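S.K.: Right, I'll just put the structure down here and ask away after.
The values are calculated or read from the model by the stated rules, or taken from the named source; none is laboratory data. The structure presented is a predicted model; accordingly, all values stated were derived computationally and were not measured. A quick note on method: Cβ atoms are made from the backbone with ideal geometry, for glycine too, and the neighbour counts reach across all protein chains shown.
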Amino acid sequence: MTVACATPDRRPSADEILDTPLPDLLGGWGVELFDSSIADATFFGAVIERKTGEIVLAMPTGRSEREHDTMARYLLAQVFDVDLPKLPPPFTTDQA
């Protein structure tokens, strides 16, 4: 999934995506994170781009901190078109 978004001219590097503390990464790129009400066990998160260009991550609740952190970083890499290895099955990303 690659989402065309109104991002700054600079994109985060893979190192930034992987190594920056998540709150700092989200704040530094102006990404809003909110809890999703989707309870499906196969839902791991979604990226929403508002018409204003703001990026929002909708993340499921009740997941481990590690899963939450990993999926948020992976989704950010996808939206900013940062080259990271694909996640193994059963994880997939789709563009709606």
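S.K.: Out of the residues in the stretch 45-61 that are over 13 Å from Leu76 (Cα atoms) and at pLDDT 90 or above, which is surrounded by the most Cβ atoms within 10 Å (Cβ to Cβ)?
M.R.: By that ranking, first place goes to Pro60.
S.K.: Taking the stretch 35-44, which residues are over 19 Å from Ile17 (Cβ atoms) and surrounded by 10 or more Cβ atoms within 10 Å (Cβ to Cβ)?
M.R.: Asp35, Ser36, Ile38, Phe43
S.K.: Leu25 - would you say it is modelled with pLDDT of 90 or more and not small (Gly, Ala, Ser)?
M.R.: Numbers: modelled with pLDDT of 90 or more: yes; not small (Gly, Ala, Ser): yes.
When the stated conditions are applied, Leu25 passes them.
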